[in-house]
1. Cα atoms only, the range 111-253: Rg and Dmax in Å?
2. For the charge dipole of the range 75-161, defined by +1 on Lys and Arg C-beta atoms and -1 on Asp and Glu C-beta atoms about the Cα centroid, which residue among PRO136, GLY78, ILE116 has the Cα displaced farthest towards the positive pole?
3. What relative contact order, as a whole-number percentage, does the chain give when Cα pairs under 8 Å and 6 or more residues apart are counted?
4. Computed from the mean reciprocal separation of all distinct C-alpha pairs, what Kirkwood hydrodynamic radius does the range 53-107 have, in Å?
5. In nm, to one decimal, how far is the TYR194 label point from the LEU42 one, both placed 7 Å along Cα→Cβ?
6. Name the trypsin sites (Lys or Arg not before Pro) in the range 88-142 that are in a loop by DSSP and that have at most 14 other C-beta atoms within 10 Å, would you?
7. DSSP beta bridges in the chain, what fraction antiparallel, as a percent rounded to 5?
8. Give me the percent of the accessible area of the chain that comes from carbon and sulfur atoms, probe 1.4 Å, all protein chains in place.
Amino acid sequence: PINLADQINSGKPIDLILNFRGISGDPNLISKNLSSPNALVLTAEASGPRDQNKGSKLLEEQFGGANKINAIVSSIMGQLQKKFPDKQIKRGKLIISGFSGGGSVVARAVAERNKIPGGIDGVVINDGLHAKIGSPTLDSIVDYAKEAQKDPSKKFRIIHTAIKPSYTSTTQTSDYILQQLGMKRDPVKDAEAYKQYGFVPKTEAKAGGVQVTQMFDDPKVPYFVDNRPGSLGDTHVQSLWKGNPYIFQGILD
């Protein structure tokens, strides 16, 4: 993790990662979970009754949209300015990420990115993009992915399992995005390269700054929301703990 004082005193801009659902609250595990990015990380979860907070509704209500993102960034920069009143605090890269229901917050931010000063430099969605095929929200994601495909300095990354909810699955949305980008999934051949992460992807598709990783694919396995071992609900959680350290690699390059 960065030393803020050194970063600010040297005049370097502060890169930000805003994550919605899915990063460990343990300070000792956050850097490991995010592959130790050189950035200031803010992670958020919606408040409200647990039975109403399993999906994306409360997260999107409380954090969705450019105005919410701008308010968070402004608050962070304002607090840093108070801490270092004699220095000029500059925002560097802005990465928006989310796991599961947090994916809807990411999608809203991407759809309204022209309202975010400085724009968005990276998007990471971990098993959480369920927008309807052909919807304006998903088309906005496709547009951003096309930008990243042409410009490797802009990152667009998805990692997904094979969960089958009653609505559009993450496999379906990922397939649609790849189709629109003219990309195809390739089987992973070098299994040794993934040993440190504890999983080997079924397939990956990479081009420019785009990376779509298919972590699991076993449609015969049942899906339970309560994450029972041996279910796709369990692999959904594994995509967080095993997938995040992988999918965040080099996100600020």
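The values are calculated or read from the model by the stated rules, or taken from the named source; none is laboratory data. If you're wondering where the values come from, they're calculated on a predicted model, not measured in any experiment. Don't worry about glycine lacking a Cβ; one is built from the backbone with ideal geometry, like all the others, and counts go over all protein chains shown. The area values use the complete protein model at the heavy-atom level, side chains included, leaving out ligands, DNA and RNA. Shrake-Rupley method; radii C 1.70, N 1.55, O 1.52, S 1.80 Å.
1. When restricted to Cα atoms, the range 111-253 yields Rg and Dmax of 15.0, 45 Å.
2. GLY78
3. With pairs under 8 Å counted, the relative contact order is 19 percent.
4. Its Kirkwood hydrodynamic radius stands at 12.6 Å.
5. 3.4
6. Those satisfying the criteria are LYS90, LYS132.
7. Numbers: 7 of 33 bridges.
Among the beta bridges of the chain, antiparallel pairing accounts for roughly 20 percent.
8. 50
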